[in-house]
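The block underneath contains the structure these notes are about, expressed in structure tokens.
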Amino acid sequence: TTNSRSPVVFIDPGHGAQLAAYTDKETGLRMDQDHNTPETEDMLDVAKRVKTKLESMGYTVVLSRETNNDKSTFRQKAEKAIGAKAVIGVSLHSTPGEINQAWPQRVDTYREYNGKRTTFTNKETANLSENYASQFAEARTLAEGHPISVDTGNTQQTSSFSRSGILSKGNIPLISLFGAPVPWVYNEIAQDDGTGL
């Protein structure tokens, strides 16, 4: 039943408006944001459809953005989830190639810039996130018809967030790092792997 106590699910459809490089005041991490067409548009469409379905099941759903031109930073999106008292944060990203994964938060993962490192340390959140990511991977494997991994060892995340052009290198998505009180599952969905994206 939908009521003021229904669990809050926070959905983050990846990207949004282009953001020039800026510095997060709390951590000193440097970042920017690409608009990434058609990912920005596709993920908002998916998020809205998931929102409708979850609300019909009695959940309260909050989106990190409502338009494709939203200029929210990673910090603002994470704080929106925390403020909503979300029981889970779900990021949706589509990527050309073969990355089909559900990434949990893990203790000791990090991002760093100019010698300053911010590390994920919340063990309770990490345990919940790992559990949820495993459930996402299992459900997505069944639904999509190909294996979905949780990136054990953070190999893909290290590659993704340490590549050229990433300002603050590391091995955890910034929204997952900033949203530490909220268990997060960051989904990468391959555009070329039968997803229809």
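The values are calculated or read from the model by the stated rules, or taken from the named source; none is laboratory data. Owing to the predicted nature of the structure, the values given are computational and were not obtained by experimental measurement. Using ideal geometry, Cβ is built from the backbone for each residue, glycine included, and neighbour counts are taken over all protein chains shown. The accessibility values were calculated without ligands, DNA or RNA, using every heavy atom of the protein model including side chains. Shrake-Rupley method; radii C 1.70, N 1.55, O 1.52, S 1.80 Å.
Assorted remarks:
- Residue selection: A133 satisfies the criterion of being open to solvent by less than 10 Å² (accessible area, probe 1.4 Å), within 26 Å of V62 (Cα to Cα), of a type in the set (A, V, I, L, M) and touching a Pro at 6+ places or on another chain (Cβ under 7 Å).
- R49 farther than 16 Å from L174 by Cβ and either touching a Phe, Trp or Tyr at 6+ places or on another chain (Cβ under 9 Å) or open to solvent by 20 Å² or more (accessible area, probe 1.4 Å) (or both): yes
- Subset tally (residues that are part of a helix (DSSP H, G or I) and among the hydroxyl-bearing types (S, T, Y)) for the range 1-53: 2
- Any hit, the range 59-72, residues being open to solvent by less than 20 Å² (accessible area, probe 1.4 Å), assigned to a helix (DSSP H, G or I) and touching a residue at least 40 places away in the same chain (Cβ under 8 Å): no
- Boolean, R75 is over 22 Å from V150 (Cα atoms), assigned to a strand (DSSP E or B) and in contact with a Phe, Trp or Tyr (Cβ under 7 Å, 6 or more places away or on another chain): no
- A count restricted to the range 81-105 and to residues that are open to solvent by less than 20 Å² (accessible area, probe 1.4 Å) and either without any contact (Cβ under 8 Å) to a residue 40 or more places away in the chain or part of a loop (DSSP other than H, G, I, E, B) (or both) stands at 3.
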